[in-house]
1. Which one is farthest from the chain's Cα centre (by Cα) among residues in the stretch 29-84 that are modelled with pLDDT under 85 and of a type in the set (Phe, Trp, Tyr)?
2. What pairs can you find where one residue is in the stretch 143-169 and in the same structural domain as Val121 (by TED's automatic domain parsing), the other is acidic (Asp, Glu) and loosely packed, with under 14 Cβ neighbours inside 10 Å, and their Cβ atoms are less than 6 Å apart, with a gap of 6+ or different chains?
3. If I filter the stretch 301-319 down to residues being touching a helix residue (DSSP H, G or I) at 6+ places or on another chain (Cβ under 9 Å) and at pLDDT 90 or above, which single residue comes out as surrounded by the most Cβ atoms within 10 Å (Cβ to Cβ)?
4. Which condition from (1) part of a helix (DSSP H, G or I); (2) over 30 Å from Val216 (Cα atoms) is the one that Val300 breaks?
5. Quick check on my filter: what residues within the stretch 107-142 are part of a helix (DSSP H, G or I), over 18 Å from His199 (Cα atoms) and either among the basic types (Lys, Arg) or modelled with pLDDT under 90 (or both)?
6. Restricting to the stretch 13-63, name every residue that is among the aromatic types (Phe, Trp, Tyr) and not in a strand (DSSP E or B).
7. Show the residue pairs meeting these rules: Cβ distance below 6 Å; 6+ apart or different chains; first residue within the stretch 180-202 and among the hydroxyl-bearing types (Ser, Thr, Tyr); second residue surrounded by 18 or more Cβ atoms within 10 Å (Cβ to Cβ).
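The values are calculated or read from the model by the stated rules, or taken from the named source; none is laboratory data. Model, not experiment: these values are computed from the prediction. All Cβ positions, glycine included, derive from the backbone under ideal geometry; neighbour counts span all protein chains shown.
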Amino acid sequence: MQSESNMPNEEKISLKNVFQGFKQWLVFIMGKRKTIVYGTLITLVLSLSYNYLKSPVYYANTSFVLENDTSASLGGLSSLASMSGINTSSLMSASNLFQIDNIQELYRSNNMLRQTLLEDVTINGKSQKLIYYFAKAQILEKKWVKEKVYLKDFYKHEKLYSRAQDSVLKEAIKLIKKDFLIVGKPNRNTSILNVGFKHKDEVFTKIFNEVLVNKVNSFYYKTQTKKTAFNLNVLQVQTDSVKRLLDMSFLALAEIDQNIPNLNPLVKTAKVPYQKAMANLQANQAIYLEVVKQLELAKVTHRNKTPLIQIIDKPSFPLENNRWKFLNILILGTFGGGALIVLFLSLQRITRQALEE
């Protein structure tokens, strides 16, 4: 077996050769100082020109905490409910209808986006539908005219929309979900949801984000409390009705009492109307107390069913955009441009040397 000392000299790479090669490369680079400076300046100018001449894409983001834990304790009323024979577990059961993962899909749903596009808003002092503004910004008006769909037709009642109008609306919704809408959680273990929208029009971006968030959160709120609100209204009507009967019972008892001011204790039958009125009064009192208990429990249940939607951040002007800051471009353009020029010259030198050999 040959030792290292017997290996061919051309296969040995000494430290001296490495330093000598680096020195030659450094001399070569220093000789190209002007080229590197000019190349760096050109790269910097091109970077600045591209950054400020391109159309910026604005980004509007709304983040909020979603809490719909309906299993909160009823407190002292839970014992009252048990005494009244009410199953508190049914009142405290949490609904899985609108967990945060489902809310994300609700923001992407065609129905919510359709309602948002058909919402009347004021932009630049002019009232118009968002679909009108979106079509203008995306230059879709001419394309839709070919399909015999005119923007003015969207101001009619939605039930009067034609098949072609519904078709272009679906096209717009599909485009929004694909290119502009961003919905997600910053962390899978949190209850924070981010709803973002990006577009080249700053005003449209902010308004669309706000309208969509309001639409979805309002739908979520109404759906979560729809059943408990209905039960609460029914119990309120019943309570008011029983209260009127109780007031009438008090009045009837008082009238009977005043009609027999000097009742003969021996005449038993004369007491019957008074006793009937008293029995009705006591029955109505008992019913009224029970209905009031049910009403108070319904109020607590309704409050527990009311979801908490706490806005953390909401979009405000000026919106963030994809343009880099001047200082960032200056640093990256200078060092990045210089590095690219040096790399290009080095590769050119290596290629030339290889061809010469």
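1. Looking at the filtered set, the residue picked out is Tyr50.
2. The qualifying pairs are Ala164/Glu147.
3. My answer is Pro315.
4. Condition not satisfied by Val300: (2).
5. As a first pass, look at the stretch 107-142 and keep what is part of a helix (DSSP H, G or I): 107, 110-117, 130-137, 141-142.
Checking which are over 18 Å from His199 (Cα atoms) leaves us with 110-112, 115, 142.
Once the filter is applied, which keeps residues that are part of a helix (DSSP H, G or I), over 18 Å from His199 (Cα atoms) and either among the basic types (Lys, Arg) or modelled with pLDDT under 90 (or both), the stretch 107-142 yields only Lys142.
6. Matches in the stretch 13-63: Phe19, Phe22, Trp25, Phe28, Tyr38, Tyr50, Tyr52.
7. Within 6 Å, the pairs are Ser191/Leu66.
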